[in-house]
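Here is the structure we will look at.
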Amino acid sequence: MTMRPDSTFYASPRLAMEAPAENFAYTLLLSPDFSKPDALAVIDVKPGSKTYSQIVHTVTMPNKGDEFHHFGWNACSSALSPLAGHAFIERRFLVIPGIRSSRIYVVDTKPSPLEAKIHKIIEPEEVFKKTGYSRPHTIHCGPEGIYVSTLGGGGKDGTQGPPGVFIMDCETFDVLGRWEIDRGPQTLHYDFWWNLPRDYMVTSEWALPPQFENGIVAEDLLANKYGHRLHFWDLRARRNVQTIDLGANHQMALEVRPAHDPVREYGFVGVVVDTTNLEASIWTWWREGGKFHAEKTATIPPEPAPKEKLPPLLQGFGAVPPLVTDIDLSMDDRFLYVSCWGTGEMRQYDVRDPRKPKLAGSVHIGGIARRTPHPNGKPYAGGPQMVEISRDGKRVYWTNSLYSTWDDQFYPDGMPGAEVMAKVGSDGGLELAGDYFVSFPDGYRPHQIRLEGGDCSTDSFCYPSVWN
């Protein structure tokens, strides 16, 4: 604990953009066949370093079968909120949920990322007992504690009661209890985020555990049984105030990305697939007149492909759906990055007019049918998946694995783990960095990335930026 605010906490998005660049990237590694423990890899991302683009430290867990997913810090810029209950906390611990085991690891990154080590393990029994939830999925550091979203309720298959959000103490890491007081019509869960000064949270929907743990259930997808709603919450009252249905054909409304500047009351959500035409879409939500609204503001079409290039799951369609599996918003709210995991494309949209996104850049790598190699000539299986943006907006990192069983369905020829980076032009545009390609040990696939000192899907801000 420090007696002054952590120097990596920033009052506004602009101040975060002006901070020193990251030297390390933390990347989660999962064992898709559960034959070895999952791990956390520390990667050198400092240009000019002798170990640039290499794993320089690994924290291997003591258990198998966790399936790491979306992790986060114990504390971040939200700690500067006037409502913060921990005035002298520091960004020190990474909180890592196992989506299959419901186990949570806390990794200490002090005194150096090169010495990161396990600090505490929260066993699934504590999560079940205190929350009734299972399958922890996403971590966000809030002003008063650590928020954890879940994908399962109680019972062995996670279907006894709806999933939701629970809170952990950001110093002791004790599980405190459920967050929701009144959940309204919410029965499914996926991602969540908020606008702290505006006092609202938004949550999205994926599916219940039987619909994703053993792979996508095609019959349920075609019957529109996956999630397709956004839920808006009063953050302090912890109650659902509005639910917007995007339409049952808009299956799997996943990552939510509110504007970073709290003055701006809008955000974005990616929809994986439209079951009527296989296209993916980006939706913009905003609040006006005391109500939330949402509309489809960008679409991405499927790509026709010969049967022999398609996995059995897609051969009847004769096309590759884009499969938007992640989105991320630059710190200045200018560019939205969209991972098209199926077609092997990373898209960059100019969203300064949030209801009229304009395609500003694109690179292809991997893809179900395209199989575009990296500029260095190395093959890249899978497609752009979890994406992370540097605070200054100049570098965009991404990995290639979605979820073990889904990887095997859509990329049955195998998926060696890889992490790449693209550089962003001053006026937009993307170019893959030829000297950045991280290969991972055999039997591991990478998922989410966190950057040293914070990044564009970690921190939430309490004060407006002053743009000169």
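Laboratory data are not the source of any read-out in this text; all were calculated from the coordinates shown. Just so it is clear, the structure is predicted and the values come from calculations on it, not from any experiment. Because the Cβ atoms are built from the backbone with ideal geometry, glycine has one as well, and the counts that use them run over all protein chains shown.
Our analysis of segment 356-452 gives Rg over Rh at 0.97, with the two radii drawn from alpha carbon positions and Rh computed by the Kirkwood formula.
So how much slack lies between residue 423 and residue 159, counting 0.36 nm per residue of separation and subtracting their Cα-Cα distance, in nm? Don't skip to the answer; put the middle values down first.
On the way: separation 264, 0.36 × 264 = 95.04 nm, distance 4.29 nm.
Gain on extension, residue 423 to residue 159, equals 90.8 nm.
Of the three principal axes defined by the Cα atoms of segment 284-423, the extents in descending order read 51, 34, 25 Å.
To check you understand DSSP bridge types, tell me what percent of the beta bridges within segment 173-255 (both residues inside) are antiparallel, rounded to 5. If you can, show how the numbers build up before the last one.
On the way: 15 of 16 bridges.
So the antiparallel bridges amount to about 95 percent of the total.
You can think of it this way: the chain between residue 352 and residue 295 has 18.9 nm of extra reach, that is 0.36 nm per residue less the Cα-Cα gap. Residue separation of residue 277 and residue 125 scaled by 0.36 nm, minus their Cα-Cα distance, works out to 50.4 nm of gained length. All C-alpha pair distances within segment 1-66, sorted into 10 Å bins from zero, spread as 18, 28, 32, 20, 2 percent across the bins. Exposure proxy for 90, 219, 431: other Cβ atoms within 10 Å of each Cβ, ordered fewest to most, give 219, 431, 90.
Per DSSP H run of n ≥ 4, the term is -39500 (n - 2.57); total these for the chain, divide by its residue number, and report the mean residue ellipticity at 222 nm rounded to 500 deg cm²/dmol. Can you show the working numbers first?
Working: 4 runs with 25 residues, N = 468.
It comes out at -1000 deg cm²/dmol, rounded to the nearest 500.
By the rule of a second cysteine Cβ within less than 4.7 angstrom, the chain holds isolated cysteines at 170, 340, 456, 462.
Seen from all sides and averaged, what is the projected area of the convex hull of the Cα atoms in segment 93-228, in nm²?
Working: hull surface 38.3 nm².
Over every viewing direction, the Cα hull of segment 93-228 projects on average to 9.6 nm².
Taking θ as phi - 60° and the Karplus parameters 6.51, -1.76 and 1.60, the scalar couplings of segment 253-270 work out to 7, 9, 5, 10, 9, x, 4, 6, 6, x, 5, 8, 9, 8, x, 9, 9, x Hz in sequence order, x denoting glycine and proline. The label-point distance for residue 219 and residue 52, in a model that sets each label 7 Å from Cα toward Cβ, rounds to 5.4 nm. Using the Stokes-Einstein relation with a Kirkwood hydrodynamic radius computed over Cα pairs, the translational diffusion coefficient of segment 50-155 at 25 °C and a viscosity of 0.890 mPa s comes to 165 µm²/s. Only Cα sites of segment 13-451 enter the Debye sum here, all with the same form factor; the resulting log10 I(q)/I(0) across q = 0.07, 0.08, 0.10 1/Å is -0.30, -0.40, -0.65, listed in q order.
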